[in-house]
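The values are calculated or read from the model by the stated rules, or taken from the named source; none is laboratory data. No experiment lies behind these values; they were computed from the predicted model shown. Reconstructed Cβ throughout: ideal geometry from the backbone, glycine too, with neighbour counts over all protein chains shown. Accessible surface areas use protein heavy atoms only, side chains included; no ligands, DNA or RNA. Shrake-Rupley method; radii C 1.70, N 1.55, O 1.52, S 1.80 Å.
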Amino acid sequence: MRQLLSKVSGLAGIIAACTGEGTTEPPLSHVITDSSLLSAGSVHTCSVQSSGGVSCWGNNYDGQLGDGTAFRLGPVAVAGGFTFRAMTVGLNHACGVTDTGAAYCWGNGDAGQLGDGTATLFRQSPVAVVGGLRWVAISAGNSHTCGVTSTGAAYCWGGNSLGPLGDGTTANRSSPVPVAGGLTFTALTGGRDHSCGLTSAGAAFCWGANGSGQLGDGTKTDRLGPVAVAGGLTFVALSAGTVHTCGIVVGGAAYCWGSNTVGLLGVGSTTGPEFCPLSCSTVPVPVAGDLSFVTLSASNLHTCGVTSTGAAYCWGVNSAGKLGDGTTTDRPSPVAVAGGHTFTAVTAGDAHSCGVTSGPTYCWGWNYAGQLGDGTTVDQLTPVPVAGDLGFFVVSAGLFHTCGVSSSGAAYCWGQNAYGQLGDGTAFRTSPVAITGGYTFTTVTGSWNHTCGLSPDGAVRCWGDNGTGQLGIGTTTDQSAPVPVNGGLTLAAVTAGAAHSCGVASGGAAYCWGSNSVGQLGDGTTTVRLNPVAVTGGLTFASVSAGAAYTCGLTAAGAAYCWGINAGGELGDGTTRGRTQPAAVAGGLTFAVLSVDRHACGLTSAGAAYCWGPNDSGQLGDGTITDYRLSPVAVVGGHIFAAVSVGHYHTCGVTSAGAAYCWGQNIEGQLGDGTTINRSHPTRVAGGLTFTQVSAGGLHSCGMTTGGASYCWGDNSRGQLGDGTTVSRLTPVRVVQ
């Protein structure tokens, strides 16, 4: 996930009467940190995707998911198509800030907390916050919301019975009102009935309810305007909980103040140092453990944080396992969240918590309304991945569909499904769906209208279009679920072409099956084959790649051979003569990687890219739009590539530094550079993501980042980008479920 401009992140609320945690009031918390990507509410959670879209999951009684429906067990997109750069979740409402600085809120608005000028019971989709202010940060409290404008001015709106709006009154406000005192803030955080702000100098100020000392000013007196937190500490982050507040000072040490009856302050005990009316501290006290934190999130009766090493720690009440240590034992000092994950941010909700990694999002704790987003309502004592953050290690873009293999070996597909190429037996999907059968795959390969997968034991299964026998099952009947390829072959690699498929056995022999009208099976004939046949010539291959109506393979020594159609120089042998058996690619180059579709490209061991075949859209990357090239030509730009993938009319590659470049046709934004301009030379994919793999499809492309997150861009008319929509994208959007 991308880092965002706002400093506001993670907010949590609770209806504790439902959890038996000792209070009947509905408390809430929020964190100020350097990421505004994930925010946990009472019994729902929201997340900002790389595309700027927000997805939410869990309870939706007040419309807090923003999609106009009932509760969800997995992420659903917030309605309206807004692009947000920051978001925040309250008890039963949520808000986001767009790239232009406009603020929108949705969910419960009975106290005016949506800021739309009304006190409407609920809104099921985003409504604009009135006033025309430009926001850089926003934070939702229990039934109020606060924000910082581009000038550093603080405004709040919503419920105000104990003064959390800081405007000097206790009157509710349905539109933004300025916080008293004229202070300039960089960020705000909202608790149940109090708020806090951080100035550019690192000074902390709080206002509102103070019965447990949560304002940190050395008293238990409620305040209708900002008062300085005692102690003279310089803070870099703040998070307001229900009846306590925590902050990180320069150097990473954490301090908390307010109620300590259940170990909220993290000092190692549930006593003292003061009595108000039970144990508390009205001034900041250091959290035990000498840990160095980079982010904190204080909630109802627990707090979580991420250290400088990426380890997550939580403390406080542990009902339903919300501390994530595998137990339900309360902890008065920080305990490590189980699983060994490296987090960049955490958010503490009512009785659940969630964390962001460079790959999947994880949640743990109470799950009665699906707030963990794992597709169940089962509580979890340790982190489980949110559905859709599947952590793919392989993605493959077909003509109008995409497939990936998760870290567990499960295969998922999305996009067009007219021939059953998604493998789930249904219609098209705009987000990943699991392939039926429960098979474990090491890789999948998607082509025009069929897909094949390779299991760890070398077995190959294919599904989808089978009109010319490309599934290799002895018939021409389409299949909507994986079926084993005939012949009992044990393959080390598999590739799917337009209407044929090929594989390499562990000994290096190549086999193909399906359409053979122009010799693309390489068996010396043009006879269709419904079962695998051996490629002739006695060559030992390390890999094969099936294209539109031809196939190419690399020997163990790196020599390239191709066979099949050659009208546009696809075989790269210097002629336009078709071949029914392998012919050497001209030029004497030694390749480490080959990829083919309507044209072909290869990488040398030094990372230089060469392409050949049709070039009508600049897909060869040599700086021209020549009709075709009969032998390899160098891709211009001097890039050192680690991976390359050929699409229908375009090509993409990943450099050794992880930058993605694409070239060729761009009518649907498949180059990912934010335009629809064709390019005859490599152009950087927008977004600054670091990729390990890229896959070019028909009119779209997909890639996998170093953290295992999958992104797609280009044509999305069949949902092949997997972002839950059918909206085409000119730049990468994250695949979600």
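Points to keep in mind about this one:
- Residue check: residue 148 meets all listed conditions (1) closer than 30 Å to residue 257 by Cα; (2) of a type outside the set (Gly, Ala, Ser); (3) open to solvent by 10 Å² or more (accessible area, probe 1.4 Å) but one, namely (3).
- Reported count of residues in segment 201-258, each being surrounded by fewer than 17 Cβ atoms within 10 Å (Cβ to Cβ), among the hydroxyl-bearing types (Ser, Thr, Tyr) and under 37 Å from the mean Cα position of the chain (by Cα), is 1.
- Residue check for residue 504: part of a strand (DSSP E or B), surrounded by fewer than 24 Cβ atoms within 10 Å (Cβ to Cβ) and at pLDDT 95 or above: yes
- Only residues that are in contact with a strand residue (DSSP E or B) (Cβ under 8 Å, 6 or more places away or on another chain), more than 17 Å from residue 238 (Cβ to Cβ), open to solvent by 40 Å² or more (accessible area, probe 1.4 Å) and assigned to a strand (DSSP E or B) were counted across segment 265-312, and they come to 1.
- Strands (runs of 3 or more DSSP E) within segment 81-124 that include 2 or more residues in contact with a Pro (Cβ under 6 Å, 6 or more places away or on another chain) and surrounded by 24 or more Cβ atoms within 10 Å (Cβ to Cβ): 103-108
- Take the conditions (1) more than 31 Å from the chain's Cα centre (by Cα); (2) open to solvent by less than 10 Å² (accessible area, probe 1.4 Å); residue 131 misses just one of them, which is (2).
- Of the residues screened, residue 344 is one that is modelled with pLDDT under 90, open to solvent by 10 Å² or more (accessible area, probe 1.4 Å), among the polar types (S, T, N, Q) and in a strand (DSSP E or B).
- If you go through segment 176-220 and keep only what is within 25 Å of residue 103 (Cα to Cα), in contact (Cβ under 8 Å) with a residue 24 or more places away in the chain and part of a loop (DSSP other than H, G, I, E, B), you end up with 179, 180, 181, 183, 184, 191, 192, 193, 200.
- Search result, residues across segment 507-531 that are open to solvent by 30 Å² or more (accessible area, probe 1.4 Å) and either at pLDDT 95 or above or of a type in the set (S, T, N, Q) (or both): 509, 511, 517, 518, 524, 525, 526, 527, 528, 529, 530, 531
- Residue match in segment 170-189 (condition: open to solvent by less than 40 Å² (accessible area, probe 1.4 Å), under 37 Å from the mean Cα position of the chain (by Cα), of a type in the set (S, T, N, Q) and modelled with pLDDT under 95): yes
- Yes/no for residue 166 being open to solvent by less than 10 Å² (accessible area, probe 1.4 Å), over 21 Å from residue 350 (Cα atoms), in a loop (DSSP other than H, G, I, E, B) and not hydroxyl-bearing (Ser, Thr, Tyr): yes
- Residues being more than 19 Å from residue 442 (Cα to Cα) and aliphatic (A, V, I, L, M) - total across segment 463-493: 1
- Taken over segment 381-416, the criterion of being open to solvent by 10 Å² or more (accessible area, probe 1.4 Å), closer than 19 Å to residue 462 by Cβ and of a type outside the set (Gly, Ala, Ser) is satisfied by 394, 399, 400, 412, 416.
- All positions within segment 639-658 that are farther than 24 Å from residue 571 by Cα and modelled with pLDDT under 95: 656, 657, 658
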